[in-house]
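Beneath this line is the structure, given in structure tokens, with notes to follow.
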Amino acid sequence: MPPSLKLNAVAFISPQNHPILIRTFSENDEGQIKYHYIAHTSLDIIEERVGLKLPDCYLGLLYSMEDVAVYGYVTPLKVKIILAIALTDAVVKDSEVISIFKALHMAYYNAISNPFVARDRSSSDQQLHILAGNPKWKNFRKRVDDISQVVAGGQ
């Protein structure tokens, strides 16, 4: 990965469009609100692209605004992963973004396949939702942070 590539935020959204984890990598509180907004506004574009029956999980560049480019990915179980990457003059290759998504997808997969991680059964839709804020999910959050550092070149 080129060292100029910087992740500003990563969002994991459930198939029912509930946020699982929105992890921001900015220092200010305004950035957190901004990236929550970006994650939620990306859902409409993702739903539109998923309706096109694309053969791959990678949805490509969803849109760019201000200082970020937003990319999307949908897992086979319909969990949406959204990346907000800082806009720079460097060229961002799809292969680089796909490798980031695959690493994030594997981190999520490893987290949900752990039988010792706390889960909550929702009474409304009887689906299992991840309690990503739960201390038992710290390994998942740490893995997402590690992936961000590797992408930024700070191995």
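Quick one: would you say Y71 is assigned to a helix (DSSP H, G or I), out of contact with any Pro (no Cβ under 6 Å at 6 or more places or on another chain) and either on the phi < 0 side of the Ramachandran plot or modelled with pLDDT under 90 (or both)?
No: the conditions fail for Y71.
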Does region 71-84 contain at least one residue that is farther than 15 Å from F101 by Cα, touching a strand residue (DSSP E or B) at 6+ places or on another chain (Cβ under 6 Å) and open to solvent by less than 70 Å² (accessible area, probe 1.4 Å)? no
Would you be able to tell me the number of residues in region 85-111 that are closer than 21 Å to P19 by Cα and open to solvent by 20 Å² or more (accessible area, probe 1.4 Å)? 7
Looking at (1) small (G, A, S); (2) more than 21 Å from V151 (Cα to Cα); (3) surrounded by 13 or more Cβ atoms within 10 Å (Cβ to Cβ), which is the one condition that is false for G51? (3)
For region 99-118, state whether one or more residues are touching a Ser or Thr at 6+ places or on another chain (Cβ under 7 Å) and assigned to a helix (DSSP H, G or I). yes
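For region 6-19, state whether one or more residues are surrounded by fewer than 21 Cβ atoms within 10 Å (Cβ to Cβ) and hydrophobic (A, V, I, L, M, F, W, C).
No, every residue in region 6-19 fails to be surrounded by fewer than 21 Cβ atoms within 10 Å (Cβ to Cβ) and hydrophobic (A, V, I, L, M, F, W, C).
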For L52, all conditions in the list (1) in contact (Cβ under 8 Å) with a residue 24 or more places away in the chain; (2) more than 24 Å from I112 (Cα to Cα); (3) in a loop (DSSP other than H, G, I, E, B) hold save one; what is the number of the exception? (1)
Kindly list the number of the only condition in (1) on the phi > 0 side of the Ramachandran plot; (2) of a type outside the set (S, T, N, Q); (3) at pLDDT 80 or above that fails for R141. (1)
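The values are calculated or read from the model by the stated rules, or taken from the named source; none is laboratory data. Only a predicted model underlies this, so the values are computations on that prediction, with no experimental measurement involved. In this analysis, Cβ positions are derived from the backbone assuming ideal geometry, glycine residues included, and neighbour counts consider all displayed protein chains. Heavy atoms of the whole protein, side chains included, go into the accessibility calculation; ligands, DNA and RNA do not. Shrake-Rupley method; radii C 1.70, N 1.55, O 1.52, S 1.80 Å.
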